[in-house]
Structure formats: C-alpha cells, structure tokens
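J.: Input: one structure, supplied below.
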Amino acid sequence: MKGMLYAQFKLLLRRPASFLLMTGICLLFAFFFGISSFGKSTLPVYSEMSEKNTEIVMNYLQEADTQNFEQVEKEELLKTVREGDAEAGLFLYEDHYEIVIASETPTKTILEQNIQKAFGDYLQKKRIHSTDVNDSAIMEQLEDSMFSIETKTLTNEDSFVFDAQLQGIFGMSVFFVIYTVAYNVIQILVAKQDKIWDRFILSPVKKWEMYTGILTYAFIIGYIQVVLVFFVMKYGFDVDFYGGFLESLILLIPYVLTIVSLSVLIVAVSKNYQTFNAIISLVAVSLAMIGGSYWPIEIVTNKAMLGLSQIDPITYIMEALKNVTIYGQTLGETMFPISILLLMSVIMMGVGLNLMERR
Amino acid sequence: MLEALDLKKQFKNTRAVDGVNLFIEQGEVVGLLGPNGAGKSTTISIISSLLPPSSGDVRFFNESIIKKPQTLRKHLGVVPQEIALYNNLTAKENLQFFGKIYHISSNLIKTKMEEVLEIVGLQEKQNDLVKTFSGGMKRRLNIGVALLHEPKLIFMDEPTVGIDPQSRKYILDTVKRLNREQDLTILYTSHYMEEAEYLCDRIYIMDQGHIIASGNNNEIKGILSSEQTVVIEAEIIEDSFLNKLEYHPSVTQVYRQENAIHVIVPLEMDFFQTIIDIAGETETSLKSVQIQTPSLEDVFLHLTGKALRD
C-alpha cells in the first residue's frame, strides 16, 4: 500500500495544478456564495402606517442581520423590484403587510421570516398598548422576566436559521470535493486501461492493498481540500463557525469517506474515462441541487425533491454541519446524519468494488 | 517449464482461444505468431494468470497455476502491448515505484535500477519524464520494468509495435542478449515474421483461437518444402493478370504484398514461361520475376489464407 501511495503523491507533486485549481475554484465559489453575500442587500419599504409606527416596525426589521431596509416611495419601490435592483419590496399597512417579489429566490423565504417576526412583535406591542391595563407594567414584566424561551425547531419546515456565509462555504466545499475525490478514484480505471493494473496483479501486492492505496490517497486529498477551505474561511475571512469549527472538520471525515465510496460505484459502472466524465458531472450537480449545496434544503417544498434528498449524502452532511455550528449541537447529538453517511459509504463501497471485480 | 493444456476462453459469443496446447522449455525463446485477433494476447493473459480460462490448465514446473498463481507470478515478468508506465513520472521514478510494488528492498533497488537502465539503454534519460520519451524509449522502459525483479520467464506481447526501425533493432538485440547472457526464457508474440525468424527457437502460429502450426523455423518452412515462391513485380498489376494466376491449375496460392505478387507453385514446376504467357495475354508489363524458397510469411498464408499483418 505504501508503494501505491508513493506513486500517487509523486504524481501529485509532479502535477499539482489540477488539485490546486479545484481547491482554488472551491474557495472562489465559497467566497462568492458565502463571504460576498455577507454584505447585506437593501430592500425597499413603502409604508402607509403612521410615522411613529413605521419607525417601530423599521427598527424591528433592522434587527434582522441578513438585510437592510430603506423607506422609499411606492413608485420607486415598484420600479426597483421590476428592474431587478432589489429581490423584493415591502408594503406596510397598519394591520398587515405585503411583499412584492420579482422571482422566487431563497431570499424571499428569509425575508418572509424576518418580516413575520418584526410585524408579529409590532402587533403584539400594539395590542398591549391598546388594552386598559397598565402597559408600562406589562412591558417591564416582559423585559425583566425570570427567563426567556426561544424556540428553534429543526423539523418545522417554516422555521430555520439561515447563515448565508456558512451555507456558501459548506455547500461549495461538499460539492467540489466530489470532483476532487472522484477524479482520483478514476485512477483505478485508468490503471486498468493502461495495463498498469496488470503489473500490480502480477506483483506480490495484494488486491486489497491496491484498492486501499488509491482510495486512501483519494480520501486524503479530498479531506485536505475541504479542511483547507474551512481554514481559509475561518482564519482568512474570520467566518463565524459558532464554536463548532473542530466538530465540522471531524464531520467531514465520514462525508469524504462516503464520496470515496460513491466514486467507486461510479467508476465501477463507467466503461471508460469519457463515460465517467459524463456520469460524474450529472451526479455531482444533481446531488448538490437536491442536497442543498446551492440553496438551503429547508426552502425546498417539492415533495419529489425532498424524497430524493433522503438518499443524497449532501443532505446529511449539510444537516450535520449546520447542527454543530448554527444550532450548537454536539457531535453526539448529530449522530443520525453521521450514521446515515457511514451506512451509505459501506453499501456503495461494497456494491462498487463487487461490480468492479466482476468486470 | 511452462505448458498450456487445451486452453479455451469464451467471451459471450466469441471463442477467443479454442483448445490451445503449447509448452516452453527453460532457456528457450518461443514465438507466438498470428494476425490481429488471432487470440495471442488472450492466450498470454491466461498463461500469465491474469485471466482465468473457460477450461484447460496451465502448469508451471508441473504445478497448476489456475488456483495457485503465486509461484508463477514470482518468477514471471510481463511486457504488455500497451505502455504500462506513469507518463508523469521519470524513468527512474517509474522503476522505483514498480520496485516498491515488487517489494525490492531500498538498498537493492538502486543497483537493480542501474542494471535495468543499462540493459534498456536509458541511463542518460533516467531523470526525464516518460511523457517526453519517443515511442521506442517508452517500449524499452516498458521492458525494463518487467526485468526489475529478475524474472526467470518473461512474456512479451508485441513489444515492437509502432516504433522506428532503430528502436526495433535495439529491442530485438536486447531480447536476444537477455536470453543468451541471463538464460531468460522468453515467450514473444508478434505479427512480424522476420522478428520470429531472428529471435525464436520455436514458433507457434495461431489463427482464430487455434494453434495451426508449430516447430522451429525449418520445420515450419518445411510445410512448404515441396513448393517454391515466385515473386512477380509489374508496372501496373491488373485484376485480369491476378485472376489468370489464381485460376491456373498448378498454382497453390497467390497473394499480393505491396507492389509484388507472390505465387506458390510446386517445386518441380517451371512456371517462368507460364508467367510470361499470362503477362502477354493480359498486356501486363513485368518488371521482375524471382524464384525464392517459401518464407514463414508464405507458410502463414498457405495455412490461413491471409497475410500475417491483416
């Protein structure tokens, strides 16, 4: 196995460009999807409320970290949204609100959540003020309560915490690593086609050592890539991992392992390099779309897509990564997605190697 | 040393190898000749334990290798038809890698590499990337890798395909030298008759999965010992001229090779006048007419009805 690793690392040192390029692209996409989206977008607001109430609602809205809100005239709001300068616009009325959107985007869901919360708080206060009870006493009670309860549900489809930075970094890292790993696992097929594999078979090296050598290398390279991206994001761009940075790195181990197994399965069904190229592009993009690499899975409502996401490793790694960062869970608490990933890995590796040997 | 007994290999609807029997004695250079698709590479794969036969057995020193291939593999070097090397590594790194694969100790590997590089004449190119090598140099290194673990037996599957005449000669001389100086037993497949004539002690001729003839050069040529080959060169070879020759009752075989026509006729027959007559009838202007002893190529054509390189 050492010999196999020796050759693979020598080849990497000889031609590091493809690894560096893939890591660079991954960083770039993570940056654009994550870091750059950190700059809050400004959404126009038109209000028919009284000046005082408008100010209250606007203050509530500004509390949301993800967007800025700017009060504008009605015509200007419509024009801004129509011309695509803003993804959405908000109309405020005394007892309700309206959102104007140009197209369905993840922002709309997040915006809805923010507005719902802000408007809910506003209406609550308004009702308290309108009762005969001494409102200042109630407000005092509300603010000085013994404890406050914040409810976060992971399963409730209507409620999730969105962190654009982490979504971008996690999503792009787990997507691009599929290519990095798969294009190393394909070396098995290349070695077989070039008859280098025959030399291995005739040598004293055992078959399991041959596979383990190449697959271990693919795992190491894939893992290095994602770890590198996470490190650059944390220490280079000061991204907040909510104290779950180390846990995130640990979680990537079962995921990269699953991708190695998935790649073995893809290589096993590929007749040649060209077929592999076609399959890997299709599989990687589909997995990323279904599993929530490009946008949060929580905003997907299509039942077919949600059903498919249950057999997508990206779904589970995204869930696990968000659990240990945004939702502050421990590794022990996020065992379910990890177990699914490991199960997938075992099944795909078993089927893949079996198919490969039969051919 | 090694024998194949009634080997058969079936791939779906194709029988690639059909009842092949052959043997190789220690120190011999044995040729396995045949056109493309004859079943040579499949036979090599089976007897080198890379491919299980559908039926039959392969014995190495009287021990079957079908279930226990390790004994053979330890003493076997294989030079595949493909360039089985890492293009992005240097010649030295390739040898180092395959040395590790063969569990050659770090101390020994350096000496072995030097020896092998000298045999294949690549000492000066050892630090160059394989991808910068010419076809001939790659082929030489391909052979070098197979020699690294000091095999007793080596299978070479068309090691001179697609290279220039100088590299080809170098490889043939190397093979001959390895056999003579290191007592290396060699099974050499080719579709070049002249290579077999130059190198091999014995030859097996294969076609459509069968061994159709075997023996040493003279024995093989002896198949046509009662015949002669008339080689005719003409300005323009018309179909009518060829047809007349083919349908002549005394002619055993006619085939065209580049600008010449080879006609196989009985040894006692004086065919010269007949050729002049046919040329006159078909208005063919002849350039030359030569009478030769049949070559291996002629024998092959006689046996299979097609030229070796078809």
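The values are calculated or read from the model by the stated rules, or taken from the named source; none is laboratory data. Source: prediction; values computed, not measured. Positions of Cβ are backbone-derived with ideal geometry, glycine not excepted, and every protein chain shown enters the neighbour counts. For the accessible areas, the whole protein counts, side chains as well, though only heavy atoms, and no ligand, DNA or RNA atoms are used. Shrake-Rupley method; radii C 1.70, N 1.55, O 1.52, S 1.80 Å.
J.: At most 15 other Cβ atoms within 10 Å and a DSSP loop assignment: could you name the chymotrypsin sites (Phe, Trp or Tyr not before Pro) in the stretch B:33-109 that fit?
T.: Answer in residue order: B:Phe61.
J.: Placing +1 at every Lys and Arg Cβ and -1 at every Asp and Glu Cβ, with all other atoms neutral, what dipole size does the stretch B:2-220 have around its Cα centre, in debye to the nearest 20?
T.: 780
J.: Once Lys and Arg get +1 and Asp and Glu get -1 on their Cβ, which of B:Gly27, A:Phe33, A:Gln62 lies farthest toward the positive end of the dipole of the protein assembly as shown?
T.: Among B:Gly27, A:Phe33, A:Gln62, the one farthest towards the positive end of the dipole of the protein assembly as shown is B:Gly27.
J.: Once you have a ≥ b ≥ c as the square roots of the Cα gyration tensor eigenvalues for the stretch B:115-179, tell me rounded if a/c is under 1.5, and otherwise prolate or oblate according to whether a/b is larger than b/c.
T.: Oblate, because a/c is 1.5 or more while a/b does not exceed b/c.
J.: Now for a different question. Report, as an integer, the average count of C-beta atoms from other chains found within 10 Å of each Cβ along B:93-102.
T.: Mean number of neighbouring Cβ atoms from other chains: 6.
J.: Let me ask you something else. Taking the Cα-to-Cβ direction at A:Lys52 and at A:Val351 and moving 7 Å from each Cα, how far apart do the two end points lie in nm?
T.: It works out to 6.6 nm between the two label points.
J.: Right, here's the next one. Please go through the stretch B:11-84 and write out the trypsin sites (Lys or Arg not before Pro) that DSSP classes as loop and that have at most 12 other C-beta atoms within 10 Å.
T.: Sites meeting the loop and neighbour criteria: B:Lys12, B:Lys67.
J.: Name all residues of the stretch A:344-359 having a backbone nitrogen under 13 Å from the label point set 7 Å from the Cα of A:Ser18 along its Cα→Cβ direction, giving them as ranges.
T.: Those under the cut-off are none; the list is empty.
J.: Mind checking the full-extension length gain between A:Gln274 and A:Gln193? Use 0.36 nm per residue of separation minus the Cα-Cα distance, one decimal, nm.
T.: Result for the pair: 27.9 nm of gain on full extension.
J.: May I ask you to work out the translational diffusion coefficient for the stretch B:1-99 at 10 °C, viscosity 1.306 mPa s, via Stokes-Einstein with Rh from the Kirkwood sum over Cα pairs, reported in whole µm²/s?
T.: 106
J.: Could you tell me what % of all Cα pairs in the stretch B:184-227 have separations over 17 Å?
T.: 33
J.: Still on this structure: With r as the distance between the Cβ atoms of B:Tyr198 and A:Leu343 and R0 = 45 Å, compute the FRET efficiency 1/(1 + (r/R0)^6) and round to 0.05.
T.: For R0 = 45 Å, the calculated efficiency reads 0.15.
J.: Using modelled amide H (1.01 Å from N, peptide plane; none on Pro or chain starts), what sits under 5 Å from the amide H of A:Glu70, excluding residues fewer than 5 places away?
T.: A:Leu43, A:Val45
J.: Need one value for B:173-183: mean number of C-beta atoms belonging to other chains within 10 Å of its residues' C-beta atoms.
T.: Going residue by residue through B:173-183 and averaging, the value is 0.
J.: Can you pull out the buried accessible area for chains A and B, both sides counted, probe 1.4 Å, rounded to the nearest 100 Å²?
T.: In total, this chain pair buries about 2300 Å².
J.: Another one. Quick check on my link table: of B:Lys92/B:Lys131; B:Lys40/B:Lys112; B:Lys40/B:Lys176; A:Lys192/B:Lys12; A:Lys206/B:Lys8, which ones sit more than 25 Å apart, alpha carbon to alpha carbon?
T.: B:Lys40/B:Lys112; A:Lys206/B:Lys8
J.: Mean residue ellipticity at 222 nm from the helices of the protein assembly as shown, using -39,500 (n - 2.57) per DSSP H segment of n ≥ 4 over the full residue count, to the nearest 500 deg cm²/dmol?
T.: Helix-only estimate at 222 nm: -16000 deg cm²/dmol.
J.: Right, here's the next one. Can you pull the percent of the protein assembly as shown's accessible area that's carbon plus sulfur, 1.4 Å probe, other chains left in place?
T.: 53
J.: For the stretch A:4-23, which residues drop by 50 square angstrom or more in accessible area between the chain on its own and all protein chains together (1.4 Å probe)?
T.: Buried by 50 Å² or more upon assembly, which counts only protein chains, are A:Tyr6, A:Leu11, A:Arg14.
J.: Next up: So for the pair B:Ser55, A:Thr216, with labels modelled 7 Å out along Cα→Cβ, what separation do we get in nm?
T.: Output for this residue pair reads 4.4 nm.
J.: In nm, to one decimal, how far is the B:Glu3 label point from the A:Met335 one, both placed 7 Å along Cα→Cβ?
T.: Distance between label points: 6.4 nm.
J.: Using the Cα centre of the stretch B:226-293 as the reference point, and only Cβ charges (+1 on K/R, -1 on D/E), how large is the resulting charge dipole? Debye, rounded to the nearest 20.
T.: Computed charge dipole of the stretch B:226-293: roughly 120 debye.
J.: Then there's this: How high is the FRET efficiency from A:Glu83 to A:Ile128, r the C-beta distance, R0 41 Å, rounded to 0.05?
T.: Rounded to the nearest 0.05, the efficiency is 0.50.
J.: A further question follows. Looking at the stretch B:145-251, which GluC sites (Glu not before Pro) are DSSP coil and have at most 11 other C-beta atoms within 10 Å of their C-beta?
T.: B:Glu235
J.: Further, regarding this structure: Residues of B:40-51, mean number of Cβ from any other protein chain within 10 Å of their own Cβ, rounded to a whole number?
T.: Across B:40-51, the average partner-chain Cβ count within 10 Å equals 1.
J.: Moving to a separate point now. List the residues whose amide H sits under 5 Å from the amide H of B:Met206, counting only those 5 or more places along or on another chain, with H placed 1.01 Å from N in the peptide plane.
T.: Amide H to amide H, under 5 Å and 5 or more residues apart or across chains, B:Met206 pairs with B:Leu33, B:Gly34, B:Ile212.
J.: If amide H atoms are built 1.01 Å from N in the plane of the peptide, which residues on other chains or at least 5 residues away come under 5 Å of the amide H of B:Val79?
T.: Counting only residues 5 or more places away or on other chains, the set is B:Phe155, B:Met156, B:Asp157.
J.: Given a Förster distance of 60 Å, report the FRET efficiency between A:Glu73 and B:Lys12 from their Cβ-Cβ distance, rounded to the nearest 0.05.
T.: 0.20
J.: Please report the equivalent ellipsoid semi-axes of chain B, computed as sqrt(5 x eigenvalue) of the Cα gyration tensor, largest first, in whole Å.
T.: Calculated on Cα positions only, the semi-axes equal 42, 23, 16 Å.
J.: While we're on this one: Suppose every Lys and Arg Cβ carries +1 and every Asp and Glu Cβ carries -1, with no other charges. What dipole size does the protein assembly as shown come out with about its Cα centre, to the nearest 20 debye?
T.: 2640
J.: Turning to a different aspect of this structure: Starting from 0 in steps of 10 Å, tell me what percent of the Cα-Cα pairs of the stretch B:7-51 lands in each bin.
T.: Spelled out per bin, shortest first, that is 24, 57, 17, 2.
J.: Ok, one more. Given the convex hull over the Cα atoms of the protein assembly as shown, what projected area results after averaging over all orientations, in nm²?
T.: So the Cα hull casts an average projection of 43.8 nm².
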